[in-house]
Amino acid sequence: MIDIRKWILAVICPPAAVLDREVGTIMLVGLLTVLFWVPGVVAALFLLIQQQQARYRQPQT
């Protein structure tokens, strides 16, 4: 299930969309957002897609 709130948050404020990740990841997305907004959005969206794919790969028990 796609969490539309995280996708919207990734476009508006990318570091807030990845708050459930490690501190280094949050800082990297924050730095990319501060330097130039588009790379931060791309990184946040990439991480959300990666997280969603990992969720689907887990075996259903």
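A few remarks follow.
- Considering region 1-19, and only residues there that are free of Cβ contacts under 8 Å to residues at least 24 places away in the same chain and among the charged types (D, E, K, R), the residue that is nearest to ALA54 (Cα to Cα) turns out to be ASP3.
- Filter result for ALA16 (of a type in the set (Gly, Ala, Ser) and surrounded by 11 or more Cβ atoms within 10 Å (Cβ to Cβ)): yes
- Check on THR61, at pLDDT 90 or above, at negative phi and among the polar types (S, T, N, Q): no
- Restricting attention to region 20-47, the residues that are out of contact with any helix residue (DSSP H, G or I) (no Cβ under 6 Å at 6 or more places or on another chain), in a helix (DSSP H, G or I) and touching a residue at least 24 places away in the same chain (Cβ under 8 Å) total 1.
The values are calculated or read from the model by the stated rules, or taken from the named source; none is laboratory data. Just so you know, these numbers come straight off a predicted model, no measurement behind them. Neighbour counts are summed over all protein chains in view; Cβ atoms, including those assigned to glycine, are modelled from backbone coordinates with ideal geometry.
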